[in-house]
Amino acid sequence: MKLNLIYEGKAKKLYTTEEEDMLIQEFKDDATAFNGLKKDKIAHKGELNNQISIAIFEHLKTKGIPTHFIKKISDNEMLVKKVSIFKIEVVCRNIAAGSLVKKFGFREGDKLASPLVEYYLKSDELGDPLFSEEHIFALKLADKHDLSVIKKMTLAVNTILIEFFGKRGIDLVDFKLEFGKTQFGNIILADEISPDTCRLWDSQSGKKLDKDRFRFDLGEVEEAYQEIKNRVV
Ligand code: TMP
Ligand code: ASP
């Protein structure tokens, strides 16, 4: 049962439960982009992202990746392990898109020679700037050991998800992960993995099936999320 709301982000809420070490993560229909400048609702996004995230977390578990997911509570809620979240957004890219094109002049759609891992400071006030391992250590957001675990897990998740989506006719362009530490000191995958946090292109047509449809007003936003759900759940 949900007790107290302890966190409300742009797309999710977290509630305490009767269990000290478990939280309920509720997915909202709200969508934002460009650090909250663009705001709207996407019908059924909460339930679609919850169910897509569950299918992916369950698959990752079978491959040995520890995640915060415990069980499904309802269409738009999951029970998760309570963790202390690293203030780092870890992005992994296989194909150039988004800020890689905007900031560094890559051409959209160019395949990268190897996966590119980037770190962004998780701070709405500062606009989530791109930063380096050195900044992470200077800010004491993670130590060397923790960051090497996080990077290895990110690359392992990438390999697993390229295959997972590939079998479903989807190219995994890039994605963002968040990690947390349990009370026992274990690093596990947290947050969500959904069309809000990944770029997913249909392998045949190249059609964008992710939040870029919302960011850039491409239309058929809900349909794209539904298409991903149909292919992964
Ligand atoms: P970017 O190209 O805009 O830097 O985004 C890289 C990936 O990270 C993309 O799959 C979308 C995801 N992402 C988030 O999940 N949250 C964010 O706040 C941003 C900017 C990107
Ligand atoms: N989630 C971020 C925001 O609102 C950015 C994005 O996904 O584009 O603002």
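What follows draws every value from the coordinates through simple rules; no lab data is involved. Quick caveat: nothing in here was measured; it's all calculated off a predicted structure. Quick reminder, even Gly has a Cβ in these numbers, built from the backbone with ideal geometry, and neighbours come from all protein chains shown.
Criterion first (under 13 Å from the mean Cα position of the chain (by Cα) and either more than 14 Å from ligand 2 (Cβ to nearest atom) or in contact (Cβ under 8 Å) with a residue 60 or more places away in the chain (or both)) does PHE164 satisfy it? Answer is no for this residue.
For THR154, the conditions (1) closer than 27 Å to HIS44 by Cα; (2) surrounded by 18 or more Cβ atoms within 10 Å (Cβ to Cβ); (3) touching a residue at least 40 places away in the same chain (Cβ under 8 Å); (4) among the β-branched types (Val, Ile, Thr) all hold with the exception of (1).
Considering segment 47-56 alone, what residues qualify as being buried (at least 20 other Cβ atoms within 10 Å of the Cβ) and out of contact with any Lys or Arg (no Cβ under 8 Å at 6 or more places or on another chain)? Matches in segment 47-56: ASN49, SER53, ILE56.
Looking at segment 177-193, can you tell me whether even one residue there is of a type in the set (Val, Ile, Thr) and within 16 Å of ligand 1 (Cβ to nearest atom)?
Step one: of segment 177-193, the residues of a type in the set (Val, Ile, Thr) are 182, 187-188, 193.
Retained after the next criterion (residues that are within 16 Å of ligand 1 (Cβ to nearest atom)): 193.
Checking segment 177-193: at least one residue is of a type in the set (Val, Ile, Thr) and within 16 Å of ligand 1 (Cβ to nearest atom).
Assessment of segment 23-46 against the conditions (crowded, with 19+ Cβ neighbours inside 10 Å and within 28 Å of GLU134 (Cα to Cα)) yields no matching residue. Whenever a residue of segment 125-145 is of a type in the set (D, E, K, R), its partners that are surrounded by fewer than 11 Cβ atoms within 10 Å (Cβ to Cβ), lying with C-beta atoms within less than 9 angstrom and at least six residues away or across chains, give the pairs GLU133/LYS144. Listed by position, the strands (runs of 3 or more DSSP E) contained in segment 64-142 that have at least 1 residues being surrounded by fewer than 16 Cβ atoms within 10 Å (Cβ to Cβ) are 69-74, 111-121.
In segment 108-121, the residues that are closer than 19 Å to MET153 by Cα reach residues that are within 13 Å of ligand 1 (Cβ to nearest atom) and acidic (Asp, Glu) with C-beta atoms within less than 9 angstrom, at least six apart or across chains, in these pairs: LEU116/ASP174; GLU118/GLU89; TYR119/GLU89; TYR120/GLU89; TYR120/ASP128; LEU121/GLU89; LEU121/ASP128. The condition (being out of contact with any Asp or Glu (no Cβ under 8 Å at 6 or more places or on another chain) and within 16 Å of ligand 2 (Cβ to nearest atom)) is satisfied by just one residue among ASP212, ASP191, ASP143, ASP128: ASP212.
For segment 84-124, give me each residue that is of a type in the set (Asp, Glu) and away from ligand 2 (no atom under 15 Å from the Cβ). I'd like the intermediate steps shown before the answer.
First, the residues of segment 84-124 that are of a type in the set (Asp, Glu): 89, 108, 110, 118, 124.
GLU108, ASP110 - these are the residues of segment 84-124 that are of a type in the set (Asp, Glu) and away from ligand 2 (no atom under 15 Å from the Cβ).
Sub-6 Å Cβ pairs linking a first residue in segment 206-222 that is touching a residue at least 40 places away in the same chain (Cβ under 8 Å) and hydrophobic (A, V, I, L, M, F, W, C) to a second residue that is assigned to a helix (DSSP H, G or I) and within 12 Å of ligand 1 (Cβ to nearest atom), at least 6 apart or interchain, are VAL221/PHE214, ordered by first then second residue.
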